[in-house]
Amino acid sequence: MHSLTANELKTRGISSLEEGLKDSPELMITVRGKEKYVVLDIEYYHQLREVELEAALLESRQDITDNKATQESAEAHVQHIFD
């Protein structure tokens with residue numbers, strides 16, 4: 001993963017981000033020599049979100065299979081939250 005200092009970002013602006021993301025879908029931003037932020041190419045971000053949502057769906061389906069889930073109305077669910 002490429003990295004960019006906060007000072008480079010401050011002085012060169014968005015062009016430093018574009019250059020850093022040219023060869024890699026992610027770019028680390030360092031502040032005072034420590035990794036602080038990550039900038040992602042938007043398409044890569046969407047791919048990561050899709051994978052994350054797929055994993056959540058698989059986990060939910062497994063919970064249903066393992067009888068770790070309950071089925072109830074919205075009203076009953078709200079009642080459980082506030083009890």
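The values are calculated or read from the model by the stated rules, or taken from the named source; none is laboratory data. Only a predicted model underlies this, so the values are computations on that prediction, with no experimental measurement involved. Every residue, glycine as well, gets a Cβ built from its backbone with ideal geometry; the counts of neighbours run over all protein chains shown. Each accessible area value is taken on the protein alone, full model and side chains, heavy atoms only, with ligands, DNA and RNA left out. Shrake-Rupley method; radii C 1.70, N 1.55, O 1.52, S 1.80 Å.
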**Request:** Taking only Cα atoms and a 10 Å spring cutoff, compute GNM fluctuations for the chain and point out the largest among 23, 66, 41.
**Result:** 66
**Item:** Computed P(r) (all Cα pairs; the chain; 10 Å bins; percent)
**Value:** 16, 26, 19, 15, 19, 5
**Request:** Label the stretch 4-50 by shape, choosing from rounded, prolate and oblate, from the square roots a ≥ b ≥ c of the eigenvalues of the Cα gyration tensor; if a/c is under 1.5 it is rounded, and otherwise prolate applies when a/b is larger than b/c, oblate when it is not.
**Result:** oblate
**Request:** Loop only per DSSP, at most 14 neighbouring Cβ atoms within 10 Å: give me the trypsin sites (Lys or Arg not before Pro) in the stretch 1-78, ordered by residue number.
**Result:** 22, 32, 68
**Prompt:** So, with +1 on the Cβ of K and R and -1 on the Cβ of D and E, and no other charges, what is the size of the charge dipole of the stretch 31-72 about its Cα centre, to the nearest 20 debye?
**Reply:** 380
**Message:** Taking 8 Å as the Cα distance limit and 6 or more residues as the minimum spacing, I'd like the relative contact order of the chain as a percentage.
**Reply:** 21
**Message:** So with the 1.4 Å probe, I'd like the accessible area per residue for the stretch 16-60, rounded to whole Å².
**Reply:** 80
